[in-house]
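As structure tokens, the structure follows; a few thoughts come after it.
The values are calculated or read from the model by the stated rules, or taken from the named source; none is laboratory data. If you're wondering where the values come from, they're calculated on a predicted model, not measured in any experiment. Using ideal geometry, Cβ is built from the backbone for each residue, glycine included, and neighbour counts are taken over all protein chains shown.
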Amino acid sequence: MTLPFDVSRNGNEATLVIRGSLDINTAPALGEEIDRLVVTRPTKVLVDLVGLDLIDSSGVAALVKLYKAVRAAGGQVTITGARDQPLAIFKLLRMDKVFNL
Amino acid sequence: MAPPIRLTLPGTLRYRAIAVRAVAEAARLVSGSTQRDPNDALAHDVRDPFDTAVVSAFMEIFNNVAIHAYSRDGEASTIELTITPDADQIMIEIKDHGVPFDIDGVAPLPEELDEYTLPEGGMGIHIAKTMLDEVVYEPGPPNLWRLRKHLSAPAQQLRNGSSK
């Protein structure tokens with residue numbers, strides 16, 4: 001299975017690009033990647049959702065986990081590019097305001 | 001009226017994408033939406049509000065059955081899917097033969113959301129109930145989920161090309 005995300009680092013900053021479907025089948029792998037990322041205590045994390053077509057509650061939970069962990073360590077998380085079904089889900093869950101979408 | 005679409009799948013997450021695709025295409029029959037790229041049969045292209053609601057809710061219910069009724073990767077029986085796309089609504093029945101789900105035990109989302117109260121679970125049933133007009137669960141055996149979504153009047157007009 002092709003994982004629907006890429007992580008790149010530039011010093012203390014990280015960019016996470018997520019595409020395709022982030023769901024109950026793919027979110028666990030992202031969760032493991034988030035665990036590896038968070039222990040490095042990045043100061044800024046950019047999450048690019050332009051290529052994300054579908055998300056379910058498992059995918060949302062993975063992003064919430066990332067957001068909470070980075071913020072708890074004093075870092076910043078910027079989520080950009082949410083559109084269509086994923087944006088509708090964030091709005092339904094009222095997370096669009098927390099994530100500043 | 002066309003007969004319902006019936007699909008029987010193993011009740012594991014490995015077969016989830018097949019079920020989601022079937023539901024997405026059935027939703028398109030009702031909404032009249034088209035794919036961004038009709039030649040890309042594998043695209044996850046869900047933009048229309050009706051399709052979004054139906055697909056989002058169904059994904060959560062399928063997850064719920066695979067995880068709670070059939071304990072994710074454990075011994076799984078089948079999921080029997082009946083999809084009835086009509087002119088102005090879609091009905092989906094999802095039947096499983098696993099452990100009944102305690103739908104009344106699902107906690108509501110927090111009233112006030114901030115970075116400390118963002119939930120990391122328990123969102124699936126909330127998504128399904130909010131997105132659809134009807135979510136009925138009848139514990140079994142067999143357990144039965146009945147989902148219904150009406151096409152809004154403006155969407156019907158758009159589909160029929162009679163919007164004013």
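Residue count for segment A:27-73, restricted to those that are more than 12 Å from the chain's Cα centre (by Cα), farther than 15 Å from A:V7 by Cα and hydrophobic (A, V, I, L, M, F, W, C): 3.
For segment A:43-53, give me each residue that is at pLDDT 95 or above and either more than 10 Å from A:I18 (Cβ to Cβ) or within 7 Å of chain B (Cβ to nearest Cβ) (or both). Residues satisfying the conditions are A:T43, A:K44, A:V45, A:L46.
In segment B:49-164, counting only helices (runs of 4 or more DSSP H) that sit wholly within it, the ones holding 2 or more residues that are closer than 24 Å to B:I18 by Cα span B:49-64, B:124-131.
I want to confirm something. Restricting to segment A:1-26 and keeping residues that are of a type outside the set (D, E, K, R) and farther than 30 Å from B:V55 by Cα, which single residue is nearest to the chain's Cα centre (by Cα)?
Let us first name the residues in segment A:1-26 that are of a type outside the set (D, E, K, R), namely A:1-5, A:7-8, A:10-12, A:14-18, A:20-22, A:24-26.
In the following step, the residues that additionally are farther than 30 Å from B:V55 by Cα were identified as A:8, A:10-12, A:14.
Working: A:S8: 13, A:N10: 17, A:G11: 19, A:N12: 17, A:A14: 11 Å.
Top of the filtered list is A:A14.
When the residues of segment B:1-32 are filtered to those that are within 14 Å of chain A (Cβ to nearest Cβ) and part of a loop (DSSP other than H, G, I, E, B), which remaining residue is surrounded by the most Cβ atoms within 10 Å (Cβ to Cβ)? So, considering only residues that are within 14 Å of chain A (Cβ to nearest Cβ) and part of a loop (DSSP other than H, G, I, E, B), the one surrounded by the most Cβ atoms within 10 Å (Cβ to Cβ) is B:G11.
Quick one: is B:E134 among the charged types (D, E, K, R), under 25 Å from A:L54 (Cβ atoms) and away from chain A (no Cβ under 14 Å)? I'd like the intermediate steps shown before the answer.
Details: among the charged types (D, E, K, R): yes; under 25 Å from A:L54 (Cβ atoms): yes; away from chain A (no Cβ under 14 Å): yes.
Criteria met by B:E134.
Might you let me know whether segment B:45-61 holds any residue that is basic (K, R) and modelled with pLDDT of 90 or more? Within segment B:45-61 (the criterion being basic (K, R) and modelled with pLDDT of 90 or more), the answer is no, since none of the residues qualifies. Against the definition (within 13 Å of the chain's Cα centre (by Cα) and over 23 Å from B:Y15 (Cβ atoms)), how does B:D133 come out, yes or no? Answer is yes for this residue.
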